[in-house]
Amino acid sequence: MNIDIWSDVACPFCYIGKAHFEKALKELPDSLQVNVTWKSFELDPNAPKEPTADIYDTLATKYGKDRNWAIQMNKNMTQKAEQAGLKFNMDDVKPVNTFNAHRVIHLAKNKGLQHEMKERLLKAYFTEGVNVADPDELARLGYDVGLNRDEILTALNEKQYTEEVVQDIEQAHKIGVQGVPFFLINNKYGLSGAQPVDVFVNALTKIEQES
């Protein structure tokens, strides 16, 4: 079974959905071989490379709400994350552009480390308050999962993997992805959102039986 997953490093539902999805995979038969490919998606392509506001003011401005609304929404999101076994420190989150982070995931994919890189970036953004647009920070995070620091910095400096990120985003638009996470299974079945574990289990089991 081949599963393509479009998601963004700065998407809380993507991190929660990833946790649910991975728990679901553990409940499936060992005989089921699942090949996962992480695809790039940007929730805010115009986000700055250096944080200009915290997550609360950023969201309040984006949705035309007040700061208290954003604080309450993120409190609810933190509770959902805890239920999924994740720790969100929203006060520390640095809202920045994620294009560079997606390029590093593509680099990691070529080294057989895309899953580790994806998880490391999500944790860095939501738990550790790291600026995931900063090349030096990306090099450090990549090193944490086994990548070469200099290779990451060179790739970012020379604009490598830019086309791969653009192609992922264009493909998402072409197939009608409206939000992330979005799961495309066997290039045929679509599943959207941070679904509960049992929904993933039931959907994947049914698709495997039909195929």
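Worth a mention:
- Using a Förster distance of 41 Å, the FRET efficiency for residue 31-residue 170 (Cβ separation, nearest 0.05): 0.70
- Largest to smallest principal axis extent of the C-alpha atoms in the chain, angstrom: 49, 42, 32
- Order of 30, 134, 8, 66 - criterion: other Cβ atoms within 10 Å of each residue's Cβ, fewest first: 30, 66, 134, 8
- Taken along the Cα-to-beta-carbon direction at a fixed 7 Å, the label points for residue 1 and residue 209 span 1.2 nm.
- Among 145, 199, a tally of other beta-carbon atoms within 10 Å of each Cβ gives an order, fewest to most, of 199, 145.
- Three-way shape label, the stretch 46-104, alpha-carbon gyration tensor, a/c 1.5: oblate
- FRET efficiency, residue 89 to residue 53 (Cβ-Cβ, R0 22 Å, nearest 0.05): 0.85
- Taking GluC sites (Glu not before Pro) across the stretch 126-190, the ones in a DSSP loop with at most 12 further Cβ atoms lying within 10 angstrom of their Cβ are 158.
- The calculated 222 nm mean residue ellipticity attributable to helices in the chain amounts to -17000 deg cm²/dmol, summing -39500 (n - 2.57) over DSSP H runs of n ≥ 4 and dividing by all residues.
- Contact order relative to length of the chain, as percent, for alpha carbon pairs under 8 angstrom and 6 or more apart: 32 percent
- Cβ-derived FRET efficiency at R0 22 Å, residue 119 paired with residue 157, nearest 0.05: 0.30
- Residues 117, 73 in ascending order of nearby Cβ atoms (within 10 Å, fewest first): 73, 117.
- Compared with the alpha-carbon gap, the fully stretched path from residue 63 to residue 44 is longer by 5.6 nm at 0.36 nm per residue.
- Trypsin sites (Lys or Arg not before Pro) within the stretch 128-211, DSSP loop, no more than 14 other Cβ atoms inside 10 Å: 159, 188
- Length gained when the stretch residue 150-residue 80 is fully extended (0.36 nm per residue, less Cα-Cα span): 21.5 nm
- For the stretch 15-59, the orientation-averaged shadow of the C-alpha convex hull comes to 4.7 nm² (one quarter of the hull surface).
Rule-based calculations on the coordinates, nothing more; no lab input. For clarity, every value in this text was computed on a predicted model and none was experimentally measured. Cβ sites come from the backbone with ideal geometry, for glycine too, and all protein chains shown count toward neighbours.
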